[in-house]
Amino acid sequence: MDVRAIAFDVNGTLVRIHTDDHSDDAFRAVGHLLTYQGIDLRRHEVRELYFRILKAQQRSSAETYPEFDAAQVWRTLIEMTATDFTRGLPPEKLAQLPLLLAECYRGVSRRRLKLYPHVRKVLQQLAGRYELVIVTDGQSSYARGELHKVGIAQYFRSIVISGDHGYRKPDARLFHAALDAVGVAPEHALYVGNDMHRDIFGAREAGMRTVLFESDQGTKHYRDCVPDHTISDHRQLLRILGS
């Protein structure tokens, strides 16, 4: 098996994460933060506006698998609810506010964030022998900070996040973008993910061989899709590669 690059999904594959996207605490925190920007909304009003804008953003997309832009959702919410006080804030503060709200919401709604067992040691053994890249659904405002928090960002030469592109896996363009960045053709790449549809089907359609990591997250069946390999412990990936 002539593998030159290994691509990974993140959440449910490398990182065990749990968030409560409807968390009262998260929307209360955002509401309190908005108070200092001249916007007075109760937590249920923030939540209703947030999901309404998010869904409208997805509906307006021409993509088959649309992804939302979290910072743009908060930017739209600010524009819809701004007062004279808000509009009088320093321009640089207003420019940074949507990203700050995205990070605040994610941080308070997050309940768990930790690596699966043996992930760091396996990445250490693979780094230098293979080009390591990430192809993940999510938002840069969340994913990059979380990869830094769990201490593995430095292992990856390319990090492709769906929120930066406007479409999600299984869109083949995401897989190709990560491989193009390191100059490796799909037939020389292996993809490791936990979702049979977005990860395994998507990577297969992009021309890559696949490894399903069996976790408690993700779709377990999709059409007739079967991974090339299945693992329940990341150390098994080393054996597949002959490392």
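The values are calculated or read from the model by the stated rules, or taken from the named source; none is laboratory data. All values derive from a computational prediction rather than experimental measurement. So basically every Cβ, Gly included, is an ideal-geometry build from the backbone, and we count neighbours across all protein chains shown. Areas reflect the complete protein model, heavy atoms only, side chains present, ligands, DNA and RNA absent. Shrake-Rupley method; radii C 1.70, N 1.55, O 1.52, S 1.80 Å.
Once region 180-211 is narrowed to residues that are touching a Pro at 6+ places or on another chain (Cβ under 7 Å) and of a type in the set (Gly, Ala, Ser), the residue that is nearest to Tyr65 (Cα to Cα) is Gly202.
For region 106-117, residues that are part of a helix (DSSP H, G or I) and either more than 24 Å from Leu174 (Cα to Cα) or of a type in the set (Ser, Thr, Tyr) (or both) total 3.
Looking for something hydrophobic (A, V, I, L, M, F, W, C), in a loop (DSSP other than H, G, I, E, B) and surrounded by fewer than 20 Cβ atoms within 10 Å (Cβ to Cβ) - is there at least one such residue anywhere in region 204-214? Within region 204-214, not a single residue is hydrophobic (A, V, I, L, M, F, W, C), in a loop (DSSP other than H, G, I, E, B) and surrounded by fewer than 20 Cβ atoms within 10 Å (Cβ to Cβ).
Of the helices (runs of 4 or more DSSP H) lying entirely inside region 42-100, those carrying at least 1 residues that are closer than 13 Å to Val30 by Cβ, in contact (Cβ under 8 Å) with a residue 60 or more places away in the chain and within 21 Å of the chain's Cα centre (by Cα) are 70-81. Within region 118-151, the set of residues being assigned to a loop (DSSP other than H, G, I, E, B) and either among the polar types (S, T, N, Q) or within 14 Å of the chain's Cα centre (by Cα) (or both) comprises Asp137, Gly138, Gln139.
For every residue, the table says whether it meets (1) in contact with a strand residue (DSSP E or B) (Cβ under 8 Å, 6 or more places away or on another chain); (2) closer than 21 Å to Asp2 by Cβ.
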position: His165; (1), (2): no, no
position: Ala185; (1), (2): no, yes
position: His188; (1), (2): yes, yes
position: Asp195; (1), (2): no, no
position: His221; (1), (2): no, no
position: Cys225; (1), (2): no, no
position: Ser232; (1), (2): yes, no
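At pLDDT 95 or above and either over 30 Å from Asp171 (Cα atoms) or touching a Pro at 6+ places or on another chain (Cβ under 6 Å) (or both): does that describe His22?
In short, no.
Tallying residues that are closer than 30 Å to Gly193 by Cβ, open to solvent by less than 70 Å² (accessible area, probe 1.4 Å) and of a type outside the set (A, V, I, L, M, F, W, C) within region 22-46 yields 1.
Would you confirm whether or not region 74-97 contains a residue that is modelled with pLDDT of 95 or more, basic (Lys, Arg) and under 18 Å from Asp164 (Cβ atoms)? Yes, some residue in region 74-97 is modelled with pLDDT of 95 or more, basic (Lys, Arg) and under 18 Å from Asp164 (Cβ atoms).
Hey, any hits in region 53-65 for a residue that's touching a Ser or Thr at 6+ places or on another chain (Cβ under 7 Å) and open to solvent by less than 40 Å² (accessible area, probe 1.4 Å)?
In the first step, residues of region 53-65 are kept if they are touching a Ser or Thr at 6+ places or on another chain (Cβ under 7 Å); the result is 53.
Within this subset, residues satisfying the condition of being open to solvent by less than 40 Å² (accessible area, probe 1.4 Å) are 53.
The answer is yes; a qualifying residue exists.
Filtered by the rule that a residue be surrounded by fewer than 23 Cβ atoms within 10 Å (Cβ to Cβ) and within 12 Å of Gly202 (Cα to Cα), region 172-185 gives Ala172, Arg173, His176.
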